[in-house]
Amino acid sequence: MDFLRPASWQEALAAKAEHPTAVPIAGGTDVMVEINFDHRRPEHLLDLGRVGDLYEWEAGEDSVRLGASVPYTRIMENLRAELPGLALASHTVASPQIRNRGGVGGNLGTASPAGDAHPALLAAGAEVEVESVRGSRRIPIDDFYTGVKRNALAPDELIRAVHVKKADGPQQYSKVGTRNAMVIAVCAFGLALHPDTRTVRTGIGSAAPTPVRARTAEEFLNAALDEGGFWDSGKIITPSLAKRFADLCAAACNPIDDVRGTASYRRHAVGVMARRTLTWTWESYRGAGRTTSRKGGAA
């Protein structure tokens, strides 16, 4: 196994162009586990640890550009107001040591359906900035996941950053596991209210071959909130409306039975999390009319 260690982004792109099968490594929290257990033996490892701009973020007027290697700890400490859903998800990632090393770019590159960042990114409507020696492009998060642990990256492309619009309403994140952290999600759920466009977006993790949105549930809730005048009145969402939304979220899942949980349990848990996060986010919207969040735990 050859170890490539570029000192700059341009060197990294050149190395990836020369060795398209090279596996990028930054925090190493996913890749090194696979290598240590001999589940993966790449011909080349591409160490991005010396590429400084991958560890930087910039908060613009409407959105945040988050470098692929910005550690989860920094998201929690510095971007809680701008990206509340992702900050909540970051709290549930593994241990403090892993949160100090791992970043969103690694989650995206691995594209595991159990990655903790995916539901929050889906709910927020993020875009993934990727680049090669041929140029750069942005991939909408809805188009990024193409299969089990597969993504839309071309062989010579690397993830440079993630662009996420600043929260214009409450966001929530909830994860089911034996603990809040230090565990791979049995399933996870993200929800974001977008009052500016009067829409709701969801994200579901570890309950389908890829991270997914509950689109039918979103369409139902968007129509119900609009037709019922909920956005203007701020009235309480009825239990029947919340239950229907939860049922549709559960129906959006396509889970499997494995050592962490059964398919039926995952569907049930996603429904519970959908109902709870909807209640929490809507109460925040009603009470404050601005972005607030409450830490979501296991359902």
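No lab work stands behind these numbers, since they all come straight from the coordinates. Every value quoted in this text rests on a predicted model; they were computed, and no experiment measured them. Here the Cβ positions follow ideal geometry from the backbone for every residue, glycine too, while neighbour counts run over all protein chains shown.
Observations on the model:
- Given R0 = 35 Å, the distance between the Cβ atoms of ALA17 and ASN78 translates into a calculated FRET efficiency of 0.60.
- Protection proxy ranking of 198-211, 121-134 - average other beta-carbon atoms within 10 Å, highest first: 198-211, 121-134
- Net length gained if the chain between GLU58 and SER264 were fully extended (0.36 nm per residue, minus Cα distance): 70.0 nm
- Dipole of the chain [Lys/Arg +1, Asp/Glu -1 at C-beta], most positive-end residue of MET1, GLY106, THR262: THR262
- Dipole orientation for region 1-91: of the candidates LEU13, VAL31, TYR72, VAL31 has the Cα lying most toward the positive pole (charges on Cβ; Lys, Arg +1; Asp, Glu -1).
- Candidates ALA152, ALA207, LEU86 compared by Cα position along the dipole of the chain: farthest toward the positive end lies ALA207, with charges placed on Cβ.
- Segment ASP168..GLU227, full-extension length gain: 19.1 nm, with 0.36 nm per residue of separation and the alpha-carbon distance subtracted.
- Distance between the 7 Å Cα→Cβ label points at VAL183 and MET1: 3.0 nm.
- Rounded is the label for region 43-179, because a/c, from the alpha-carbon gyration tensor with a ≥ b ≥ c as root eigenvalues, stays below 1.5.
- R0 of 25 Å, Cβ-Cβ distance ILE256-THR197: FRET efficiency to nearest 0.05: 0.15
- Cross-link partners for LYS235 among the lysines, with Cα-Cα distance under 28 Å and sequence neighbours closer than 8 places in the same chain left out: LYS165, LYS166, LYS175, LYS243, LYS295.
- Rounded to the nearest 20 debye, the dipole size of region 135-205 about its Cα centre is 160 debye, using +1 on the Cβ of Lys and Arg and -1 on the Cβ of Asp and Glu.
- Inter-label distance, nm, simple model (7 Å from Cα along the C-beta direction), VAL33/VAL133: 3.4 nm
- Value of relative contact order over region 88-241, rounded to a whole percent, pairs C-alpha under 8 Å and six or more apart: 25 percent
- In a reduced charge model with +1 at each Lys and Arg Cβ and -1 at each Asp and Glu Cβ, the chain shows a dipole moment near 1040 debye about its Cα centre.
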